[in-house]
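Asks: Structure below; questions to follow.
The values are calculated or read from the model by the stated rules, or taken from the named source; none is laboratory data. Only a predicted model underlies this, so the values are computations on that prediction, with no experimental measurement involved. Cβ coordinates were reconstructed from backbone atoms using ideal geometry, including for glycine residues, and neighbour counts include every protein chain displayed.
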Amino acid sequence: MRNNSDHAMFPEATHDEQSAQSFVKTLRVFTTNNFHAGNTAILADNPLSRRPDGSCPSRKELRKALEDEPQNKWWSSMMRTTQEVLYDTVGPSIERQLPELIARANSFRGTLGSLTLDDSVEMPPYLAAVDVHCKPGSYQQEMTEDDVFAGAEFDRTYRLYSMGRLGPNLDGMGRTLVAWLKDHFSDAGPRRILDMGCTVGHSTLAYCDHFPDAEIHAIDVAATCLRYGHARAVAMGKEIHFSQQNAERTNFDDGSFDLIVSTALLHETSRKAIRAIHKECHRLLAPGGLMIHMDNIVPDKALEKYYCDWMARFNNEPYMGALQDEDMVGICVQAGFDRDNIQLGEGIPRFRDKCLAENRAYGNLMVCARK
Ligand SMILES: C[S@@+](CC[C@H](N)C(=O)[O-])C[C@H]1O[C@@H](n2cnc3c(N)ncnc32)[C@H](O)[C@@H]1O
């Protein structure tokens, strides 16, 4: 039985597998909706919400206000549990069909766009140290030759995890970024685009749709995700050049791109790495080119900030808390961008109306700079 399948690489699920996966998703929707209502009420009753200067509490203050509350403990435990069970239900289903998925990916390889892997690329310590998002083996574990497991698993779990908020092709973040770009730079018509930290290219495809004449490159350090992503793009008829590279130091020439983007990359790196990535963007941009990083950075929204801090402590995304305290403008300036050409803004999520969860505990900061 095929479920939700909209491209030839999408892993299938039997009736029972789909049933278990749907249960986990529904439980997450229920938990998320309750989190928003419950923790919003608790914070509203707390004096922290009524500071005379209206400033947002620190992450430590928010933790203190919420962590002993029974409703929050229930939410926290359910979120961690559903996250683990998500992979427990999807993983075996992907393993069952892995040989077939690998064969399909190999048959697509190189027929549209390209895939360049480089096994000398070292896994950055911030990705190697933990199973990111509690995903066993993280993005990069190689189990067999030409492995696509991590990418296929990501595609299927992301559909459940996102609860509808990223749209049917899971490209909601890319579409949000494009909409923001068009609102703020209506004249932008990039010819060469680089997507950093593309995973399986969910967002990259949005750039193909909106800039059909551009040459599009997408990089990630995880070969398994890139193999799957390349095959998925071919299956969806999109021409993208995928390569295995570290965004901190790529092999592209100076000034190679007029638009560099990322979605949800920064929070999965480190304090040192985001500085290196911004410097690399400055090097790679042609004069007049634009850099836009979109991520969950919400320093002024108490509940959202608490949620990001929780993700760092309990969802194996270690830098997501500290990222809230970073000076993003300062990082762009240090990377070489002129202060007058830096702009921070809020991305308005696409597809939010289709989202099963009412949870609004996500915010998209757009970190944009023009060279
Ligand atoms: C949350 S995922 C990004 C999702 C993707 N951009 C999208 O919109 O669907 C983060 C990705 O960043 C990649 N990544 C983390 N650090 C990186 C680095 N220094 N260079 C390249 N990729 C990196 C990870 O391997 C992972 O695939």
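Asks: Which of the residues that make up the stretch 105-157 are surrounded by fewer than 14 Cβ atoms within 10 Å (Cβ to Cβ), small (G, A, S) and within 13 Å of the ligand (Cβ to nearest atom)?
Replies: Residues satisfying the conditions are A128, A129.
Asks: If you don't mind, another one. Can you say whether K301 is at pLDDT below 95, buried (at least 19 other Cβ atoms within 10 Å of the Cβ), closer than 28 Å to L62 by Cβ and more than 12 Å from the ligand (Cβ to nearest atom), as far as the supplied structure shows?
Replies: No: the conditions fail for K301.
Asks: Now, a different point. Starting from the stretch 158-171, take each residue that is in contact (Cβ under 8 Å) with a residue 24 or more places away in the chain and list its partners that are acidic (D, E) and within 12 Å of the ligand (Cβ to nearest atom), counting only C-beta distances under 9 angstrom and pairs at least six apart or across chains.
Replies: L170/D155
Table: residues versus (1) basic (K, R); (2) crowded, with 18+ Cβ neighbours inside 10 Å; (3) touching a strand residue (DSSP E or B) at 6+ places or on another chain (Cβ under 8 Å).
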site: A223; (1), (2), (3): no, yes, yes
site: R249; (1), (2), (3): yes, no, no
site: D258; (1), (2), (3): no, yes, yes
site: H267; (1), (2), (3): no, yes, yes
site: I274; (1), (2), (3): no, yes, no
site: H278; (1), (2), (3): no, yes, yes
